[in-house]
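Notes follow the structure.
Where a number appears in this text, it was derived from the coordinates with a stated rule and is not lab data. Predicted model only: the values in this text are computed from it and were never measured. Cβ placement follows ideal geometry from the backbone for every residue including glycine, while neighbour counts extend to all protein chains displayed.
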Amino acid sequence: MNTPVSVPDSVSPATAARLRVVLVGTQHPGNIGAAARALKTMGLARLVLVAPEDYPAEEAYRRAAGADDLLGDAPVVATLAEAVADCHLVLGCTARSRRVQLEEHAPRQAAALAVGRASEGGEVALVFGRERTGLSNEELQLCHAAVHIPANPAYSSLNLAAAVQVLAYELRLALLEGAVPTPAEPRHPDEVPASHAHMEGFFGQLRDTLDAIDFHKGRTPDSAMRKLRRLFAKADLNEQEVRLLRGILADAQRMARLAGDRGTGSLS
């Protein structure tokens, strides 16, 4: 005789509230509505839309089938960077390998990672790209890791809303498993993980500094910056560490300017 398995029937509202699904450049409004429905069935409520091609649209509300509140609350922004600016973990859902090399997770691993970070107080985004082309390389560079749904390789075409449903289901399982969280020591304010916006500010200053000291020596900076992004993503920097690194970069930029002034004979 099989022993019944006890499944929790509630999740931590605070943790669930820190999880968002971001749809980038969605081409068919029906997929937006179906994605909202997929989220609501799994107890998730945050949807963010980045530059949808046809929205708002009646078809989106028809396909939402009662999840109109998610559509009504969903902010529409112009760029992915804006959608994830306050996030501490960004996972990009992609169907195929690209030049941007990211650590790759299966849906269950990704959900556990996402819920774990959200339970610690971090904002988390799962990002889905366009129906035909997915996420661009530039958009994937804004992600900390990739999520790949291991579909049938002979027929791997997965509808956008179906992909959202797969990840939403895994998030719910992870939330249910963590319904009674283990108390954690509160983080010191300086130990709060750096937000996406803070990291992008750091990467912008790093790029400028490398240019100022002629690090690339005529070579394209893209390859080096991709590797440096991966390196610092693995480090999982906090805000204090980012401030320290940016201070070092500021001094390096100042010294580069002084060296340039000496070279031109202008020290004013």
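Worth pointing out:
- Think of each Lys and Arg Cβ as +1 and each Asp and Glu Cβ as -1; about the Cα centre, that makes the dipole of the chain roughly 780 debye.
- Taking only the Cα atoms of the range 189-264, the ratio Rg/Rh comes out at 1.03, with Rh defined as the Kirkwood radius.
- Per-selection Rg to Rh, the chain - Cα, Kirkwood hydrodynamic radius: 1.05
- Comparing PRO75, ASN31, ASN137 along the charge dipole axis of the chain, the residue lying farthest to the positive side is ASN137, per the Cβ-charge model.
- Neighbourhood net charge (13 Å Cβ-Cβ; Lys/Arg +1, Asp/Glu -1) for ASP211: +1
- Protection proxy ranking, highest mean first, for peptides 135-146, 114-125, 151-162, 52-63: 114-125, 135-146, 52-63, 151-162, where packing is the per-residue count of other beta-carbon atoms within 10 Å, averaged.
- Share antiparallel - DSSP beta bridges, the chain, percent rounded to 5: 10 percent
- Computed from phi, the 3J(HN,Hα) profile of the range 82-89 under the Karplus parametrisation 6.51, -1.76, 1.60 (θ = phi - 60°) reads 5, 5, 10, 4, 8, 7, 9, 8 Hz, with x in place of Gly and Pro.
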